[in-house]
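K.L.:
Sharing a structure here in structure tokens format.
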């Protein structure tokens with residue numbers, strides 16, 4: 001489905017001296033005794049100089065909270081630094097640390113439930129933006145560290161100017177690690193180009209996720225993604241099939257034109273929707289990998305199925321594999337409330353239709369099929385209540401805070417393959 005063609009960039013790579021970046025902003029509240037601690041400074045030198053792990057801020061926040069146990073959650077690409085960070089925290093605070101080793105795909109995987117179960121009273125989540133607000137976590141103090149990464153801004157600017165004539169309209173996007181660099185290079189390009197740094201709230205300007213990207217005006221000549229890999233880039237490509245997309249890898253400094261087979265993807269998803277539309281027995285999967293699952297979206301789907309007289313089974317899963325779902329052959333169609341890209345990218349690997357909540361809304365005649373596939377899963381302006389941040393699914397602020405009333409019978413597929421039933425009330429949490 002995916003092909004890639006390289007584009008030659010300007011030769012003569014310049015080394016980044018840091019002159020193109022402004023000074024790092026450090027919270028004024030951090031005491032000088034922490035900022036200027038020579039032993040702490042020496043300990044930080046072990047970490048890569050172009051990765052900002054915000055160690056001073058972390059030490060200060062842990063001390064301020066008088067935390068006893070700190071849980072560290074990092075994506076796989078940053079796990080190699082976990083032990084160094086843990087040693088620093090234990091040396092310069094009164095807390096011990098726990099490194100969470102479960103896979104972390106994105107900001108939706110913040111696993112505050114497990115951290116609390118491990119006795120942590122403070123959690124640091126690295127490498128993603130604060131998709132789950134700090135006041136919504138399960139009785140644990142939270143710190144998000146974006147891990148801002150410095151790159152060779154000058155080489156990126158030379159590459160863009162080599163490949164695009166002045167006056168072109170360019171949309172610049174990235175992951176959270178490169179948002180600061182994105183702002184700097186966009187400002188440098190504006191005298192010669194019409195530069196757009198789109199925002200899909202609640203994300204930061206220029207930030208995209210694998211499931212959430214903005215729709216752009218058709219007059220944009222090109223999308224330029226700043227980052228490694230294709231997962232996040234494909235999101236904005238799906239949302240804007242008519243705009244050429246390019247990727248600049250800040251590590252290899254390769255600039256490439258990227259392609260996506262939109263017709264094949266749409267045909268595959270429409271086929272799955274059509275197969276599911278006549279299903280009588282449904283399986284509703286609530287993702288329990290961190291905060292992927294949304295009980296409100298689950299309730300919405302349950303309500304619709306009940307109104308249509310369709311039977312359904314609730315299943316909690318941390319990760320979704322074909323072999324696990326095949327253990328329940330009586331289910332005609334599945335809906336996974338976890339990651340929409342699982343259905344888009346891997347849906348054909350499952351023996352039964354595996355729909356995203358949006359696709360389920362189409363199959364259950366609650367929504368029309370969109371020829372431009374919506375990538376609005378965490379957008380505040382999503383199409384309907386099958387997304388977590390739709391206004392209908394937002395918790396009421398103020399008051400005592402309400403929990404779901406009544407208990408629900410939930411089928412749980414355990415790691416050993418056993419299917420059990422459990423009564424769950426209130427907010428559903430990680431159990432599988």
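K.L.:
Being modelled with pLDDT under 95 and part of a helix (DSSP H, G or I) is the filter here, so list the residues in region 38-77 that pass it.
P.N.:
76, 77
K.L.:
Further, regarding this structure: Is at least one residue of region 187-203 crowded, with 22+ Cβ neighbours inside 10 Å, within 16 Å of the chain's Cα centre (by Cα) and not assigned by TED's automatic domain parsing to the domain that holds residue 388?
P.N.:
So far as region 187-203 goes, yes, one or more of its residues are crowded, with 22+ Cβ neighbours inside 10 Å, within 16 Å of the chain's Cα centre (by Cα) and not assigned by TED's automatic domain parsing to the domain that holds residue 388.
K.L.:
Only one residue in 136, 166, 184 is outside the structural domain of residue 117 (by TED's automatic domain parsing) and under 30 Å from residue 377 (Cα atoms). Which one?
P.N.:
Checking each option against the conditions leaves just 184.
K.L.:
Checking the conditions here, which among 97, 114 is over 19 Å from the mean Cα position of the chain (by Cα) and either more than 16 Å from residue 145 (Cβ to Cβ) or not assigned by TED's automatic domain parsing to the domain that holds residue 175 (or both)?
P.N.:
97
K.L.:
A further question follows. If you check residue 326 against the conditions, is it more than 21 Å from the chain's Cα centre (by Cα) and either free of Cβ contacts under 8 Å to residues at least 24 places away in the same chain or surrounded by 18 or more Cβ atoms within 10 Å (Cβ to Cβ) (or both)?
P.N.:
No, not satisfied.
K.L.:
Please work out if residue 174 is outside the structural domain of residue 77 (by TED's automatic domain parsing), in contact with a strand residue (DSSP E or B) (Cβ under 7 Å, 6 or more places away or on another chain), closer than 23 Å to residue 242 by Cβ and surrounded by 21 or more Cβ atoms within 10 Å (Cβ to Cβ).
P.N.:
So residue 174 passes the test.
K.L.:
Restricting to region 132-157, name every residue that is more than 30 Å from residue 388 (Cβ to Cβ) and crowded, with 18+ Cβ neighbours inside 10 Å. Write out each step before concluding.
P.N.:
Start the filter on region 132-157 by keeping residues that are more than 30 Å from residue 388 (Cβ to Cβ), which leaves 150-157.
Passing the criteria: 150, 151, 152, 153, 155, 156, 157.
K.L.:
I would also like to ask the following. For residues that are out of contact with any helix residue (DSSP H, G or I) (no Cβ under 7 Å at 6 or more places or on another chain) and modelled with pLDDT of 95 or more, scanning just region 92-111, find the one that is surrounded by the most Cβ atoms within 10 Å (Cβ to Cβ).
P.N.:
98
K.L.:
For region 34-61, which residues satisfy the criterion of being in contact (Cβ under 8 Å) with a residue 60 or more places away in the chain and closer than 20 Å to residue 95 by Cβ?
P.N.:
53, 54, 57, 58, 61
K.L.:
Which members of region 336-349 meet the condition of being touching a helix residue (DSSP H, G or I) at 6+ places or on another chain (Cβ under 8 Å) and surrounded by 20 or more Cβ atoms within 10 Å (Cβ to Cβ)?
P.N.:
Correct list: 336, 337, 339, 340, 341, 343, 344, 347.
K.L.:
In region 204-219, which residues are out of contact with any helix residue (DSSP H, G or I) (no Cβ under 9 Å at 6 or more places or on another chain) and either outside the structural domain of residue 246 (by TED's automatic domain parsing) or within 18 Å of residue 374 (Cβ to Cβ) (or both)?
P.N.:
Once the filter is applied, which keeps residues that are out of contact with any helix residue (DSSP H, G or I) (no Cβ under 9 Å at 6 or more places or on another chain) and either outside the structural domain of residue 246 (by TED's automatic domain parsing) or within 18 Å of residue 374 (Cβ to Cβ) (or both), region 204-219 yields 217, 218.
K.L.:
Which condition breaks for residue 203 when tested against (1) on the phi < 0 side of the Ramachandran plot; (2) modelled with pLDDT of 95 or more?
P.N.:
Evaluating residue 203 over (1) on the phi < 0 side of the Ramachandran plot; (2) modelled with pLDDT of 95 or more leaves (2) as the failure.
K.L.:
Still on this structure, I have one more. Restricting to region 356-371, count the residues that are over 16 Å from residue 294 (Cβ atoms) and assigned to a helix (DSSP H, G or I).
P.N.:
Adding up the residues that qualify gives 2.
K.L.:
Taking residue 118 and the conditions (1) touching a strand residue (DSSP E or B) at 6+ places or on another chain (Cβ under 6 Å); (2) over 30 Å from residue 39 (Cβ atoms), which numbered condition does it fall short on, given that it satisfies the others?
P.N.:
Here residue 118 clears every test but (2).
The values are calculated or read from the model by the stated rules, or taken from the named source; none is laboratory data. These numbers come from a predicted model, not from an experiment. Positions of Cβ are backbone-derived with ideal geometry, glycine not excepted, and every protein chain shown enters the neighbour counts.
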